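Peer 1: Take a look at this one; I'll ask things after.
The values are calculated or read from the model by the stated rules, or taken from the named source; none is laboratory data. Given the structure is predicted, the values throughout are model-derived calculations rather than measurements. Here the Cβ is made from the backbone with ideal geometry for all residues, glycine too, and neighbour counts use every protein chain on show.
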């Protein structure tokens, strides 16, 4: 798991199976050859399995094994820790990476407990987000009769939920769209906290030489 891209592949598979092309698009910095090698390594280790979806899809997909899914808590803990870094990511968060970030920064006390079921259209993917009783769950796929549908690109949604872009401005520019219960959707989008950066190490005084 210490090889580059291995944990990021696991992160992309936490919400369900993905085709090779999906993984390649989400992990823009990984070359196809490196991605193939990491997937082979993860299959050999028993973390990932490959199988064909039933018709009409009939596509080959990669999916975490039961043992692979046990890495979920590890990934969430690392996401919480990494969110305190002052470093800037080289690439925009993939939709699934953003959903993981939402799980680790959900704070219902910031706007009350936004109870409901929501469908998020992030780029070309659809996700279910359910909140209530102080917790949040996320999953890939459509939601039957959601309270609201929120449509946006991952960059805009990230900016809104972490306070870099006002929801009203995103709606006005049509960079984000809400269909359904606008108040419930607004409460959901206000339920995430920007992670606090880790304190910088104190500067040590220069030591004098006793030559």
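Peer 1: Please note which helices (runs of 4 or more DSSP H) are completely contained in the stretch 23-110 and include at least 1 residues that are touching a strand residue (DSSP E or B) at 6+ places or on another chain (Cβ under 9 Å) and closer than 22 Å to residue 139 by Cα.
Peer 2: So the answer is 66-69, 72-82, 95-105.
Peer 1: Within the stretch 154-175, work out how many residues are within 18 Å of the chain's Cα centre (by Cα) and without any contact (Cβ under 8 Å) to a residue 60 or more places away in the chain.
Peer 2: So the answer is 8.
Peer 1: Taking residue 60 and the conditions (1) surrounded by 11 or more Cβ atoms within 10 Å (Cβ to Cβ); (2) assigned by TED's automatic domain parsing to the domain that holds residue 15; (3) modelled with pLDDT under 95; (4) closer than 30 Å to residue 131 by Cβ, which numbered condition does it fall short on, given that it satisfies the others?
Peer 2: (4)
Each row is one residue, and each column tells you yes or no for (1) surrounded by 11 or more Cβ atoms within 10 Å (Cβ to Cβ); (2) closer than 10 Å to residue 13 by Cβ; (3) within 18 Å of the chain's Cα centre (by Cα).
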| site | (1), (2), (3) |
| --- | --- |
| 34 | yes, no, no |
| 37 | yes, no, no |
| 41 | yes, no, no |
| 46 | yes, no, no |
| 52 | no, no, no |
| 55 | no, no, no |
| 66 | no, no, no |
| 70 | yes, no, yes |
| 76 | yes, no, yes |
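Peer 1: Restricting to the stretch 114-134, count the residues that are assigned to a strand (DSSP E or B), free of Cβ contacts under 8 Å to residues at least 60 places away in the same chain and touching a helix residue (DSSP H, G or I) at 6+ places or on another chain (Cβ under 8 Å).
Peer 2: Summing the residues that are assigned to a strand (DSSP E or B), free of Cβ contacts under 8 Å to residues at least 60 places away in the same chain and touching a helix residue (DSSP H, G or I) at 6+ places or on another chain (Cβ under 8 Å) in the stretch 114-134 gives 4.
One line per residue, one yes/no per condition, for (1) within 18 Å of residue 100 (Cα to Cα); (2) in contact with a strand residue (DSSP E or B) (Cβ under 6 Å, 6 or more places away or on another chain):
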{"position": "115", "(1), (2)": "no, yes"}
{"position": "124", "(1), (2)": "yes, no"}
{"position": "128", "(1), (2)": "yes, yes"}
{"position": "133", "(1), (2)": "no, no"}
{"position": "145", "(1), (2)": "no, no"}
{"position": "150", "(1), (2)": "yes, yes"}
{"position": "156", "(1), (2)": "yes, yes"}
